[in-house]
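Working notes for the structure below.
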Amino acid sequence: MRENRVESIVKIHSEKGLHVRIAAMLVQKADRLRRKYQADFYIKREGFRDVPLTSLLLVTSMRIKKDEEILLITQGKNVEQAAAEMKAFLESDFLESERNMDQAELSQVDTLLQEHMITAENIYSSIASGLIVTDKQDTIVIYNREAEKLLGISDREALGQNIREVFGDSRMTQAMQGKEAVIGYTQTIGKSTMVGNTMPILENGERKGTITTLEDVSQLVQISWEFEEVKELKEKYYQILEAVQDGICVFDQKGIVTYVNGAYETITGDKVREGAEILAFDEDGSAGKILEKGQKIMGAICRKKNGKSVVLNLVPIIVNQQIMGGISVVKSLGEVQELVERIQQLSAKTEYLEEELNRRNKLNPAFNRIVGVSSKLYEAMQLAAKTADNNFNVLIRGESGTGKELIAEAIHYSSQRANHDFIRVNCAAIPENLLESEMFGHVKGAYTGAIKTKIGKFELAHKGTIFLDEIGELDKSMQAKMLRVIQKKEFQRVGDDRTIQVDARIIAATNRNLEELVEKGEFREDLYYRLNVIPIWLPPLRERREDIPVLAEYFLNKIGEELGREPKYLAPDAMEAVLHYSWPGNIRELENVMERVHILADGNQICRKDLPHYICENYINETYISGPYREERPDSKGEIGEKDGKKTGNFEPEKEGDAQGQNREKTGKFSSSIWTEDRIYPWECYEKEIIQRALKEYGSYNAAGKALGLTHKTVAAKARKYQLE
């Protein structure tokens with residue numbers, strides 16, 4: 001298929017132009033769009049050839065400023081869409097987060113990045129050797145001034161071009177194709193003869209590019225060939241040129257230094273002079289091995305007694321199959337180490353500024369999964385965020401479906417334990433006879449069926465966080481064992497007498513009134529105080545109705561994205577009904593309803609008729625009868641408040657002393673009308689009320705299952721179905 005090409009003029013609006021950070025964003029964007037549209041992007045300005053947008057160094061080197069116009073070139077298959085998207089990105093302000101940062105912070109980051117680039121450019125320019133660096137596509141990305149002089153080709157002609165297009169099929173381009181270093185090859189271009197050294201840039205065994213240095217030896221070659229009678233001298237200096245790097249020291253077969261340049265002493269710190277014995281400076285015996293065996297040593301890292309570290313290359317001088325001496329070539333690591341240190345400093349500074357930005361945002365990004373705008377929810381999240389930096393126990397209170405587990409996750413992932421495990425345990429979903437084994441593990445043979453040793457939840461949560469949901473469902477014996485873990489930070493596996501130390505932060509959650517359970521003797525008071533160090537109350541959805549539109553929109557968009565469909569929205573009449581429904585299942589019930597209407601509603605608009613009947617049909621005279629629950633509107637009788645010192649919401653029992661009204665804090669009251677009215681409700685309404693009554697009466701899945709003639713798994717599944725957990 002023939003590739004298409006689109007050219008468009010782009011004006012840069014970014015305040016600082018295409019500096020390093022913006023260039024990095026462009027490279028990432030270009031790479032994503034290339035894979036998405038199978039298109040390649042280039043930019044062009046006056047004085048430069050087409051520069052690929054996938055090269056950070058090339059884009060940065062163009063130094064494009066604000067209000068400058070450049071040419072965007074798009075080649076490939078789906079070029080129209082690709083070009084439009086890239087053009088829009090180039091003309092944008094790039095980083096939304098830049099608006100939230102102080103100008104001083106931005107300038108500081110930009111200054112450090114620019115200093116890094118200026119330093120790198122000065123280093124490249126000051127190198128006495130010709131320097132050519134290519135990327136993994138063999139595109140020339142660095143080409144210094146000495147390379148221009150040696151090769152007679154300007155940087156504008158070379159940068160951004162494929163190495164073969166510029167220099168053809170030469171010894172140098174051949175050396176750049178492999179994964180092995182090629183040292184000391186000769187390269188003749190025009191009238192110049194050079195010695196080249198090519199090193200591959202490897203990452204995980206994959207070639208990412210090459211670094212080539214070139215030294216002009218034209219005059220030495222000419223002189224050496226003019227004096228045929230000094231063959232030995234010619235051979236010696238030919239091999240010196242084969243290994244030339246920076247510091248050079250030549251010694252004969254007896255180890256006597258015959259030549260040393262000034263750079264050698266500067267790099268090594270050794271005061272080596274002609275006539276000295278090389279073995280006196282040969283700290284690791286490398287020179288002795290060269291003279292004895294004639295084997296070269298390349299790329300050895302040598303630490304001198306004076307503390308300097310160098311890269312050492314040792315090459316024997318062999319003439320007529322005899323070892324005539326050796327060449328020691330050293331290169332300083334100082335410049336490389338300095339650059340690494342500057343990069344590390346820059347990285348550390350960037351991390352610091354990012355942390356400062358996060359602090360300015362008040363809440364850790366781990367809380368971003370929690371959707372809502374109400375002040376009550378925000379207060380709860382602020383309190384949760386404050387607990388992240390300590391290891392105190394947290395007790396999250398709230399009705400079922402209010403997002404207690406999301407808050408627990410946010411605390412964990414915004415704490416120093418984020419890199420360790422977050423272990424979830426639903427205390428009500430595990431049978432009592434298996435709960436101790438699940439919590440603390442067991443050893444092989446501890447009881448019938450224990451065929452192997454099992455690690456418990458607390459042990460899995462070591463160094464991390466364990467989330468104990470439905471903590472109020474624990475029986476008294478398990479509460480005592482749980483208290484020991486909290487107090488002593490130790491436990492024993494079932495069937496084992498060995499004590500295991502554990503460092504796990506405990507976050508508990510419940511929708512039950514623990515104070516009432518303590519008064520009745522059903523929950524240990526000492527365990528209650530151990531868990532209730534930092535209490536967090538999550539308000540039910542009926543107490544933060546301003547979050548309902550936000551949550552509904554969030555769920556509809558999320559479901560549409562998962563299904564690959566256009567997002568749907570609630571019509572005004574549907575939104576009115578949703579806002580006045582009591583949502584006894586809270587956020588979990590809201591998400592369930594949004595999933596249902598998104599699938600069943602025709603078109604993109606969800607009307608009241610598309611809602612479940614218990615939401616849309618029972619809304620009469622501003623009063624909502626929500627299936628087996630009844631709730632008044634917040635502005636009518638039964639305003640949210642306190643009764644007898646307890647939060648009541650707007651749930652009221654039909655009769656004073658009604659047993660079902662005693663737990664109104666958790667679920668509201670049951671309406672007997674579902675059993676006495678002539679109207680027939682769907683089967684799910686009856687099943688939901690039966691399961692809920694059994695759970696209220698017996699308190700656990702096991703006991704409720706026995707009363708109903710069902711297994712505890714069936715009761716747990718039904719409870720999850722109707723958001724009764």
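The values are calculated or read from the model by the stated rules, or taken from the named source; none is laboratory data. Keep in mind that what you see is a predicted model, and the values were worked out from it rather than measured. Virtual Cβ from ideal backbone geometry, glycine too; neighbours counted across all protein chains shown. To get the accessible areas, we keep the full protein, side chains included, count just its heavy atoms, and leave off ligands, DNA and RNA. Shrake-Rupley method; radii C 1.70, N 1.55, O 1.52, S 1.80 Å.
In region 394-408, the qualifying residues are those that are open to solvent by 20 Å² or more (accessible area, probe 1.4 Å) and either closer than 20 Å to residue 489 by Cα or of a type in the set (D, E, K, R) (or both), and the one that is nearest to the chain's Cα centre (by Cα) is 405.
Which residues, taken from region 169-190, are among the β-branched types (Val, Ile, Thr) and at pLDDT 80 or above? Give the derivation first.
Of all residues in region 169-190, those among the β-branched types (Val, Ile, Thr) come to 173, 182-183, 186, 188-189.
Across region 169-190, the qualifying residues are 173, 182, 183, 186.
Could you list, in sequence order, all residues of region 546-574 that are surrounded by fewer than 21 Cβ atoms within 10 Å (Cβ to Cβ), more than 37 Å from the chain's Cα centre (by Cα) and assigned to a helix (DSSP H, G or I)? Answer for region 546-574, where residues must be surrounded by fewer than 21 Cβ atoms within 10 Å (Cβ to Cβ), more than 37 Å from the chain's Cα centre (by Cα) and assigned to a helix (DSSP H, G or I): 572, 573.
Got a number for residues in region 51-65 being open to solvent by less than 70 Å² (accessible area, probe 1.4 Å), among the polar types (S, T, N, Q) and farther than 13 Å from residue 159 by Cβ? Final tally of qualifying residues: 0.
Could you list, in sequence order, the residues of region 251-262 that are open to solvent by 40 Å² or more (accessible area, probe 1.4 Å) and either under 15 Å from residue 308 (Cβ atoms) or modelled with pLDDT of 80 or more (or both)? So that I can check it myself, show each step before the final result.
Pass one, region 251-262, residues open to solvent by 40 Å² or more (accessible area, probe 1.4 Å): 253-254, 256, 258-259, 262.
Listed by number, the residues that qualify are 253, 254, 256, 258, 259.
Among the residues of region 27-49, is there at least one that is part of a strand (DSSP E or B) and either closer than 23 Å to residue 124 by Cβ or small (Gly, Ala, Ser) (or both)? Yes.
Looking only at residues in region 290-330 that are charged (D, E, K, R) and in contact (Cβ under 8 Å) with a residue 12 or more places away in the chain, which one is farthest from residue 254 (Cα to Cα)?
Start the filter on region 290-330 by keeping residues that are charged (D, E, K, R), which leaves 292-293, 296, 303-305, 308.
Filter once more, keeping what is in contact (Cβ under 8 Å) with a residue 12 or more places away in the chain: 296, 304-305, 308.
Details: 296: 17, 304: 23, 305: 24, 308: 27 Å.
Residue satisfying both the conditions and the ranking: 308.
If we keep just the residues of region 381-393 that are open to solvent by less than 40 Å² (accessible area, probe 1.4 Å) and in a helix (DSSP H, G or I), which is nearest to residue 464 (Cα to Cα)? Looking at the filtered set, the residue picked out is 387.
Restricting attention to region 501-533, the residues that are assigned to a loop (DSSP other than H, G, I, E, B) and surrounded by fewer than 22 Cβ atoms within 10 Å (Cβ to Cβ) total 9. Across region 588-604, the qualifying residues are those that are within 32 Å of the chain's Cα centre (by Cα) and open to solvent by less than 60 Å² (accessible area, probe 1.4 Å), and the one among them that is farthest from residue 538 (Cα to Cα) is 598. Residue check: residue 94 meets all listed conditions (1) surrounded by 15 or more Cβ atoms within 10 Å (Cβ to Cβ); (2) at pLDDT below 80; (3) within 30 Å of residue 217 (Cβ to Cβ) but one, namely (3).
Among the listed residues 430, 423, 451, which satisfies the condition of being outside any strand (DSSP E or B) and open to solvent by less than 40 Å² (accessible area, probe 1.4 Å)?
Values: 423 fails: outside any strand (DSSP E or B); 451 fails: open to solvent by less than 40 Å² (accessible area, probe 1.4 Å).
Of the residues listed, the single one that is outside any strand (DSSP E or B) and open to solvent by less than 40 Å² (accessible area, probe 1.4 Å) is 430.
Given the condition open to solvent by 10 Å² or more (accessible area, probe 1.4 Å), of a type in the set (Val, Ile, Thr) and more than 31 Å from the chain's Cα centre (by Cα), answer yes or no: does some residue in region 70-82 qualify? The answer is no; no qualifying residue exists. Remark: pairs (first residue in region 136-162, on the phi > 0 side of the Ramachandran plot; second residue charged (D, E, K, R); Cβ separation under 6 Å; 6+ apart in sequence or on different chains) = 160/49. Within region 35-50, does at least one residue satisfy the condition of being open to solvent by less than 30 Å² (accessible area, probe 1.4 Å) and in contact (Cβ under 8 Å) with a residue 60 or more places away in the chain? No, region 35-50 has no match at all. Taking residues in region 63-74 that are of a type in the set (S, T, N, Q), and partners anywhere that are surrounded by 13 or more Cβ atoms within 10 Å (Cβ to Cβ) and not in a strand (DSSP E or B), the pairs with Cβ atoms closer than 7 Å and at least 6 places apart or on different chains are 74/82; 74/83; 74/86. Flag: residue 87 matches the condition of being in contact with a strand residue (DSSP E or B) (Cβ under 6 Å, 6 or more places away or on another chain), open to solvent by 60 Å² or more (accessible area, probe 1.4 Å) and part of a helix (DSSP H, G or I).
What tally of residues in region 285-316 results from selecting those that are open to solvent by 30 Å² or more (accessible area, probe 1.4 Å), within 27 Å of residue 200 (Cα to Cα) and in a loop (DSSP other than H, G, I, E, B)? Going through region 285-316 one residue at a time, the tally reaches 3. Just one of the listed residues (493, 524) is touching a His at 6+ places or on another chain (Cβ under 8 Å), of a type in the set (Lys, Arg) and more than 26 Å from residue 413 (Cα to Cα), and it is 493.
To keep it simple, each residue is scored yes or no on (1) polar (S, T, N, Q); (2) modelled with pLDDT of 85 or more; (3) closer than 28 Å to residue 136 by Cβ; (4) under 30 Å from the mean Cα position of the chain (by Cα).
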residue: 30; (1), (2), (3), (4): no, no, yes, yes
residue: 37; (1), (2), (3), (4): no, yes, yes, yes
residue: 57; (1), (2), (3), (4): no, no, yes, yes
residue: 67; (1), (2), (3), (4): no, yes, no, no
residue: 98; (1), (2), (3), (4): no, no, no, yes
residue: 112; (1), (2), (3), (4): no, no, yes, yes
residue: 116; (1), (2), (3), (4): no, no, yes, yes
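Count of region 363-380 residues, restricted to those that are surrounded by fewer than 21 Cβ atoms within 10 Å (Cβ to Cβ), hydrophobic (A, V, I, L, M, F, W, C) and in a helix (DSSP H, G or I), is 1.
Return yes when residue 319 is open to solvent by less than 80 Å² (accessible area, probe 1.4 Å), among the hydrophobic types (A, V, I, L, M, F, W, C), at pLDDT 80 or above and under 25 Å from residue 181 (Cβ atoms) and no when it is not.
Working: open to solvent by less than 80 Å² (accessible area, probe 1.4 Å): yes; among the hydrophobic types (A, V, I, L, M, F, W, C): yes; at pLDDT 80 or above: yes; under 25 Å from residue 181 (Cβ atoms): yes.
So residue 319 passes the test.
Which numbered condition trips up residue 123, out of (1) at negative phi; (2) open to solvent by 70 Å² or more (accessible area, probe 1.4 Å)? Condition not satisfied by residue 123: (2).
Inside region 163-187, can you point out the residues that are on the phi > 0 side of the Ramachandran plot and either in contact (Cβ under 8 Å) with a residue 40 or more places away in the chain or in a strand (DSSP E or B) (or both)?
First pass over region 163-187, keeping only residues on the phi > 0 side of the Ramachandran plot: 168, 184.
Selection gives 184 alone.
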